[in-house]
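Everything below concerns the one structure shown next.
The values are calculated or read from the model by the stated rules, or taken from the named source; none is laboratory data. Worth saying up front: this structure is predicted, and the values here are computed from it rather than measured. Glycine also receives a Cβ, built like all others from the backbone with ideal geometry; neighbour counts cover every protein chain displayed. We work out accessible area using only protein heavy atoms, side chains counted, and drop any ligands, DNA or RNA first. Shrake-Rupley method; radii C 1.70, N 1.55, O 1.52, S 1.80 Å.
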Amino acid sequence: MKNVVVLGSTGSIGRNTLSVLSDFADRFKVFGFSTNTNTDLLQKQIQRFQPQMVAITDRKGFEAFQKTDETEILFGIAGLKKLCSEPEVDLVINALVGSVGLLPSFEAVESGKDLAIANKETLVIAGGLLIRKAKEKNVRILPIDSEHSAILQCLLTGKKEEVRRLILTASGGPFLDRKKEDLKNIKVKEALSHPTWEMGKKITVDSATLMNKGLEVIEAHWLFDMPADKIRILIHPQSIIHSMVEFVDGSLIAQMSVPDMKIPIQYALFCPERLPTNNRPLDLTQVKNLTFEEPDQEKFPCLEICYQALEMGGTAPAVLNAANELAVKAFLEEKISFVDICEIVTATLKHHQVMENPSLDDILNADKWSRQEAERIINSRSEVGM
Ligand SMILES: NC(=O)c1ccc[n+]([C@@H]2O[C@H](COP(=O)([O-])OP(=O)(O)OC[C@H]3O[C@@H](n4cnc5c(N)ncnc54)[C@H](OP(=O)(O)O)[C@@H]3O)[C@@H](O)[C@H]2O)c1
């Protein structure tokens, strides 16, 4: 029986994770979980799973929460870190969104816990440091992102030196067939309707700009120790092939399933073991077409900017990520247009003086600087009426 903590249990990945964990209640005990603001759902999850402790990061939500004797209620980032470091905990699942996931991820690894990670921002910002720390502590970092789960599975069929390249598939998001000139008038509601996946708002917007795929390139670079020029992106609108590995003998190994995040979540929990479940199997006779195309880099410049940030190295990916988080928030608040997102990220990155071999503190400072710079750019653009 493993004791598991789910950070961000009220989100899309968090809810799916609790559902998978309840299918395997004989193998896992839900020790704790967390929310930011959704304390109503947290209350229901407490009743259902009776955890030892939970964390609430939003102050108002924490102060208003009805406490009981059975479950300890923790507050803030310190609460998330405590959840990750309790001696009884075996596995931490990080399903937080954004750079808030960074410190809890490090706390989990530092405390010797295996870490199953959906929070790609941690790997984008500080993947090198995290992987190094995980090796030092002899703990596993297990991807939950469906693309990286697919790559992990495909890599089991060969040796690392036999890999020619990793191929990350992308649905292409809701604007795959829109003209470039139409993108500036995209409404928030349109950007939030993803054709194949149901996800939180931030990743849904990232999927529409294709920033998500660029972030996944950086994530793959760190997880699989693969240079950027060996990581390719292919648009595959049906989201059936979740990613592929091309080997030097010309073999292409792909992992396929219906698009359902419960499948990669379960794989992260048991990897490399496979257990029977009620997940819907893929019926290939029902899949009419599997199509592939090159991404349109001009229409979706976020892809290129992610490759550039990876190439720049050091603090650049942290700056890219923070500027993107801020720009996506501004887009969701209707302060900027859809195409402004990438322009703001690009301008912020351009103004950044990269620091090589940064420490965790340097990365946190770069994240802070980037948010201020992106905010300044957003404000200056609205002043001149852009
Ligand atoms: N959704 C997917 O299918 C999918 C697939 C692959 C990878 N991912 C990655 O998984 C991560 C989570 O995505 P998601 O779609 O599950 O996001 P989501 O639905 O927005 O859920 C995010 C979770 O994090 C919590 N949270 C948000 N802001 C926080 C803060 N400032 N402090 C502490 N907790 C905070 C949320 O609490 P509240 O409920 O109170 O807001 C919620 O529990 C992201 O990194 C995403 O890129 C997601």
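A few comments on the model shown:
- Some residue of the stretch 62-70 being of a type in the set (Val, Ile, Thr) and at pLDDT below 95: yes
To keep it simple, each residue is scored yes or no on (1) polar (S, T, N, Q); (2) touching a Gly at 6+ places or on another chain (Cβ under 7 Å); (3) farther than 30 Å from Arg165 by Cβ.
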site	(1), (2), (3)
Lys189	no, no, yes
His194	no, yes, no
Ala208	no, yes, no
Leu215	no, no, no
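- Residue within the stretch 302-319 that is exposed (fewer than 13 other Cβ atoms within 10 Å of the Cβ) and among the charged types (D, E, K, R) present: yes
- Screening the stretch 8-34 for residues that are open to solvent by 20 Å² or more (accessible area, probe 1.4 Å) and of a type in the set (Gly, Ala, Ser) and picking the one that is nearest to the ligand (Cβ to nearest atom) gives Gly11.
- Matching residues, the stretch 71-100, being surrounded by fewer than 21 Cβ atoms within 10 Å (Cβ to Cβ) and away from the ligand (no atom under 16 Å from the Cβ): Thr71, Glu72, Ser85, Glu86, Pro87, Glu88, Asp90
- Scanning the stretch 35-53 for residues that are more than 9 Å from the ligand (Cβ to nearest atom), crowded, with 20+ Cβ neighbours inside 10 Å and under 21 Å from Gly200 (Cα atoms) yields one hit, Gln45.
- Asp260 being of a type outside the set (A, V, I, L, M) and within 22 Å of Val205 (Cβ to Cβ): yes
- Given (1) out of contact with any Gly (no Cβ under 9 Å at 6 or more places or on another chain); (2) more than 16 Å from Ile13 (Cα to Cα); (3) touching a residue at least 60 places away in the same chain (Cβ under 8 Å); (4) surrounded by 24 or more Cβ atoms within 10 Å (Cβ to Cβ), index of the condition Val109 fails: (3)
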